[in-house]
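Read the structure below first, then the notes.
The values are calculated or read from the model by the stated rules, or taken from the named source; none is laboratory data. Just so we're clear, the structure is a prediction, and the values are computed from it rather than from any experiment. In this analysis, Cβ positions are derived from the backbone assuming ideal geometry, glycine residues included, and neighbour counts consider all displayed protein chains.
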Amino acid sequence: MEVHLTPEQQHQLAELASQRGRDADALAQEAISRYLAEEARFVEAVKQGEAALERGEYLTHEQVGERLDRLFQA
């Protein structure tokens, strides 16, 4: 697989890699790995939220406001 970057992205990546004393390819691979892990966590959180909603486990807008009011009063 090839990933095509704009010249500006290539420049930014090269500068960041240089500042970190790292290889640009390794830095790009690490960034992609972090993104994929974060995306997987996000998708799982959405699935958990949807399941909770289906079970009727949710707060109304008013309930959220009340909780925030209590939080900031403490």
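Tabulated data
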| read-out | value |
| --- | --- |
| Helices (runs of 4 or more DSSP H) contained entirely in the chain, each with at least 1 residues that are among the aromatic types (Phe, Trp, Tyr) and without any contact (Cβ under 8 Å) to a residue 40 or more places away in the chain | 24-54, 61-73 |
| Selection count, segment 21-45, where residues are of a type in the set (Lys, Arg) and either loosely packed, with under 11 Cβ neighbours inside 10 Å or modelled with pLDDT under 95 (or both) | 2 |
| Among residues of segment 1-19, those that are surrounded by 10 or more Cβ atoms within 10 Å (Cβ to Cβ) and either at pLDDT below 95 or among the hydrophobic types (A, V, I, L, M, F, W, C) (or both), counted | 5 |
